[in-house]
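Each reported figure results from applying straightforward, stated rules to the coordinates on display, with no laboratory input. For clarity, every value in this text was computed on a predicted model and none was experimentally measured. Every residue, glycine as well, gets a Cβ built from its backbone with ideal geometry; the counts of neighbours run over all protein chains shown.
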Amino acid sequence: MEAEYIAYSYDGATVSGYHYNVGGKQISYGATTTCYPTKEGKPEELYRLSGTEAKKEHWNTEFLRLGDDRRRLVLSVFPDIKKLDNLKPPKTIYEIAVSKIHKAGLTRVCSRCDGTGHYSYNQIDGTRCFKCGGRKFTLPKIADKYLALVKKTIAAGRESEDAL
Ligand SMILES: [Zn+2]
C-alpha cells in the first residue's frame with residue numbers, strides 16, 4: 001500500500017495530530033479522530049497526502065519533534081539534508097550526527113561516569129549513566145558558536161574524505 005499521511009485539526013487551521021500509514025504500519029501522533037471529544041470538539045481531517053509527499057511530510061513532522069537543539073545539530077552536520085530523498089528516520093539521523101561529532105573530537109568525556117557509561121545501579125536503567133545515557137560522552141551546550149565549529153569541522157572532514 002502507498003504511504004498515506006492525514007493531518008487533523010480542531011479549528012480547521014492548526015494541525016492537532018496526524019495518522020501515518022506506510023506498508024500497513026500505522027503511526028499516530030497528537031489529537032486525531034480516534035481521540036475523545038474535548039471542549040474544542042473532535043479533530044477533523046485537515047489535509048491528506050500520499051506516496052512520496054506523505055513520506056516527506058512524516059519525515060518533516062518527526063524532524064520538528066526532535067526539538068530545536070537536536071534539529072540545529074543535525075543541520076550543522078548535514079546542511080543539505082532537506083534536499084535528499086528516502087532518508088532514515090530523524091531520530092536515527094540525529095544519532096549518526098552525534099557519532100560524527102564524537103569522531104570529530106567535539107564532545108566531552110561524561111563528567112558523571114568519567115567516560116565509563118556506568119554509574120550506580122537502579123532498577124530501571126541498571127548501571128547506565130543517566131547523564132550520558134551510556135554514551136560515555138556529552139555534548140556541550142548547543143549554542144551558535146558550537147554549531148559553527150561543528151559545521152566547519154565536519155565540512156573539513158568531508159573534504160579530506162573526498163580527496164582520498
Ligand atoms: Zn555518563
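For 10, 36, 5, what ranking results if the residue with the fewest other Cβ atoms within 10 Å of its Cβ goes first?
The most exposed by this proxy come first: 36, 10, 5.
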**Study point:** Pair residue 142, residue 33: separation of 7 Å Cα→Cβ label points (nm)
**Key:** 3.5 nm
Check your understanding: How far is helix 144-162 tilted off the main Cα axis of the chain, in degrees rounded to 10, range 0 to 90?
Key -> 80 degrees
Review point. In terms of the ratio Rg/(2.2 N^0.38 Å) built on C-alpha atoms, what value belongs to the chain?
Key: 1.31
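Please report the net charge: other residues with Cβ closer than 14 Å to the Cβ of residue 122, K and R +1, D and E -1.
+2
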Study note, to complete from the structure: The lysines whose Cα lies under 22 Å from the Cα of residue 145, excluding any fewer than 8 residues away in the same chain, are 100, 103
Exercise for review: Quick one: net charge around residue 1, please, counting Lys, Arg +1 and Asp, Glu -1 for every other residue with C-beta under 13 Å from its C-beta.
Suggested key: 0
Check your understanding: With each run of n ≥ 4 DSSP H residues scored as -39500 (n - 2.57), what mean residue ellipticity at 222 nm is computed for the chain after dividing by its residue count and rounding to the nearest 500 deg cm²/dmol?
Key -> -11500 deg cm²/dmol
Study note, to complete from the structure: With 0.36 nm assigned to each residue of separation and the Cα-Cα distance removed, residue 50 to residue 65 gains 3.3 nm
Revision key, fill the gap. In the neighbourhood of residue 49 defined by beta carbon distances under 13 Å, the net charge of the other residues (Lys, Arg +1; Asp, Glu -1) is -2
Study note, to complete from the structure: When 19, 58 are arranged by how many other beta-carbons sit within 10 Å of their Cβ, fewest first, they go 19, 58
Check your understanding: Once the piece of chain linking residue 42 and residue 163 is laid out straight, how much longer is it, given 0.36 nm per residue of separation minus the C-alpha distance between them?
Key -> 37.8 nm
**Study point:** Dipole of the chain [Lys/Arg +1, Asp/Glu -1 at C-beta], most positive-end residue of 74, 126, 24
**Key:** 126
Exercise for review: Pairs to check: 25/82; 25/83; 42/82; 55/151; 42/88; 39/88. Give those whose C-alpha atoms are more than 31 Å from each other in this structure.
Suggested key: 42/82; 42/88; 39/88
